[in-house]
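A short worksheet on the structure shown next.
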Amino acid sequence: MIRSFQDVMKIAKERGPKVISVACAQDIEVLMAVDAAKKEGIADAILVGNKEEIEALAKQENIDIAKFQLIDIKDPAEASLKAVELVSTGKAHMVMKGMVDTSVILKAVLNAEVGLRTGNVLSHVAVFDVPGYDRLFIVTDAAMNIAPDLPTKKQIIENAVEVAYALDIEVPKVGVICAKEKANPKMPDTMDAQALAEMNEKGEIKGCIVGGPFALDNAVSVEAAKHKGINHPVAGYADILMAPDIEAGNVLYKSMVYFANAKNAGVIVGAKAPVVLTSRADSEEAKLYSIALGVLCAAKMF
Ligand SMILES: CCCC(=O)SCCNC(=O)CCNC(=O)[C@H](O)C(C)(C)COP(=O)(O)OP(=O)(O)OC[C@H]1O[C@@H](n2cnc3c(N)ncnc32)[C@H](O)[C@@H]1OP(=O)(O)O
């Protein structure tokens, strides 16, 4: 059972190593994370970006980057396209965001010629190890789909379920998070949550248990769920927390990190390969864990 990022790292060593192409690698935490991933034997890296800046940062932190292939492209959009192309042409197993805006790298991932589209929805999945809890939490979508409609939400759940499988969770429990636990036509996300739970009951969303609408407390706290009289297998036991939109998802993500001191990792899934995507402000540790999570996801695909 994978219960912590120590477990994720251990399993990534067994299922790796994989090759990662880094878009705009001139980011000190990213360089430290890929260096650590190489030393841990979970991933090798191809660095794409501003050569002079990458070399200067590496020198500053005593990182021997001679062991990595380095492709000098200064423009962030071009560097992102090159990093993505390395994956679509089979030279790398996954791509990682460096010092580049999220929307720039996502546009490269969605690029019609060299991108990694599959025809499915791509979505962001974040994993958190929150102090005081005995399991990892998966949060989706904090970074890609801005205001998903019902069919998109269905695929966002399916993508998160695949990540849960990569983390060896056999039957993931999905809590569809809203502001309250009763469906209310004046609150459209609660109606979507009810519809998603019904789709799961009818077998239209398979391989998991979906419950909702839930307020966050009812999804993660058995006591809170009991107090509200909610009797559902997901209530209090959710593995996956699905946010109604990017604003709620992103606030939940940053709250976990800044208020709860959670350790975190993040990937975009639904594409031909995982895209390791964290916040630029995330720590080197979060970036290393994200590479490890990407390795587990890639190991399911390649
Ligand atoms: C959590 C830590 C990191 C962060 O904090 S991130 C911060 C917040 N995140 C962001 O700012 C990114 C939010 N999302 C976006 O900016 C945009 O949705 C995104 C992903 C860049 C796409 O925008 P555009 O390039 O303008 O795309 P578009 O809507 O015109 O669509 C272009 C083509 O791509 C397709 N597409 C867009 N989103 C997709 C998805 N999720 N899955 C699959 N396909 C998708 C879209 O259907 C369109 O296809 P086509 O060209 O019409 O065939």
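The values are calculated or read from the model by the stated rules, or taken from the named source; none is laboratory data. The shown structure was predicted, so the numbers you read here are calculated from the model rather than taken from an experiment. A quick note on method: Cβ atoms are made from the backbone with ideal geometry, for glycine too, and the neighbour counts reach across all protein chains shown. Heavy atoms of the whole protein, side chains included, go into the accessibility calculation; ligands, DNA and RNA do not. Shrake-Rupley method; radii C 1.70, N 1.55, O 1.52, S 1.80 Å.
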Legend entry - Answer from Asp129, Asp141 - the residue that is crowded, with 16+ Cβ neighbours inside 10 Å and touching a Gly at 6+ places or on another chain (Cβ under 9 Å): Asp141
Legend entry - Matching option when the condition is of a type in the set (Ser, Thr, Tyr), within 16 Å of the ligand (Cβ to nearest atom), in the same structural domain as Lys287 (by the TED database) and touching a helix residue (DSSP H, G or I) at 6+ places or on another chain (Cβ under 9 Å), among Ser88, Ser80, Ser103: Ser80
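Matching residues to (1) away from the ligand (no atom under 16 Å from the Cβ); (2) open to solvent by 40 Å² or more (accessible area, probe 1.4 Å); (3) touching a strand residue (DSSP E or B) at 6+ places or on another chain (Cβ under 8 Å):
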{"position": "Ala112", "(1), (2), (3)": "no, yes, no"}
{"position": "Leu122", "(1), (2), (3)": "no, no, yes"}
{"position": "Val163", "(1), (2), (3)": "no, no, yes"}
{"position": "Leu167", "(1), (2), (3)": "yes, no, yes"}
{"position": "Lys182", "(1), (2), (3)": "yes, yes, yes"}
{"position": "Pro185", "(1), (2), (3)": "yes, yes, no"}
Inset, instruction - May I ask you to list the residues in the stretch 146-161 that are open to solvent by 10 Å² or more (accessible area, probe 1.4 Å), more than 8 Å from the ligand (Cβ to nearest atom) and among the aliphatic types (A, V, I, L, M)? - result: Ala147, Leu150
Inset, instruction - Please state which of the following conditions Glu170 fails to meet, knowing it meets all the rest: (1) outside any helix (DSSP H, G or I); (2) in contact (Cβ under 8 Å) with a residue 40 or more places away in the chain; (3) more than 17 Å from the chain's Cα centre (by Cα); (4) closer than 28 Å to Met301 by Cα. - result: (2)
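Find the residue count for the stretch 1-42, including only residues that are farther than 17 Å from Asp282 by Cβ and open to solvent by less than 50 Å² (accessible area, probe 1.4 Å). Step through it out loud before you land on a result.
The first filter runs over the stretch 1-42 and keeps only residues farther than 17 Å from Asp282 by Cβ, leaving 1-4, 6-7, 10-19, 21, 38-42.
Narrowing the set further to residues that are open to solvent by less than 50 Å² (accessible area, probe 1.4 Å) leaves 2, 4, 7, 11-12, 16, 18-19, 21, 41-42.
So the answer is 11.
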Inset, instruction - Just name the residue that is farthest from the ligand (Cβ to nearest atom) out of those in the stretch 125-145 that are closer than 19 Å to Gly236 by Cα and assigned to a loop (DSSP other than H, G, I, E, B). - result: Asp134
Inset, instruction - Say whether the condition of being at pLDDT 95 or above, among the small types (Gly, Ala, Ser), away from the ligand (no atom under 14 Å from the Cβ) and closer than 29 Å to Val161 by Cβ is met by at least one residue in the stretch 43-61. - result: yes
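Can we say Lys97 is among the charged types (D, E, K, R), under 19 Å from the mean Cα position of the chain (by Cα) and open to solvent by 20 Å² or more (accessible area, probe 1.4 Å)? Quick ask: steps written out before the conclusion?
Details: among the charged types (D, E, K, R): yes; under 19 Å from the mean Cα position of the chain (by Cα): yes; open to solvent by 20 Å² or more (accessible area, probe 1.4 Å): no.
Against the criterion (among the charged types (D, E, K, R), under 19 Å from the mean Cα position of the chain (by Cα) and open to solvent by 20 Å² or more (accessible area, probe 1.4 Å)), Lys97 does not qualify.
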Inset, instruction - State whether one or more residues within the stretch 250-257 are in contact (Cβ under 8 Å) with a residue 24 or more places away in the chain and more than 14 Å from the ligand (Cβ to nearest atom). - result: no
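Report yes if some residue within the stretch 110-122 is touching a residue at least 12 places away in the same chain (Cβ under 8 Å) and assigned to a helix (DSSP H, G or I); otherwise report no. Steps first, please.
First, the residues of the stretch 110-122 that are touching a residue at least 12 places away in the same chain (Cβ under 8 Å): 110-111, 114-118, 120-122.
Pick out the ones that are also assigned to a helix (DSSP H, G or I) and you get 110.
Within the stretch 110-122, one or more residues are touching a residue at least 12 places away in the same chain (Cβ under 8 Å) and assigned to a helix (DSSP H, G or I).
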Inset, instruction - Output the number of residues of the stretch 274-295 satisfying the condition of being away from the ligand (no atom under 15 Å from the Cβ) and under 11 Å from Val127 (Cβ atoms). - result: 1
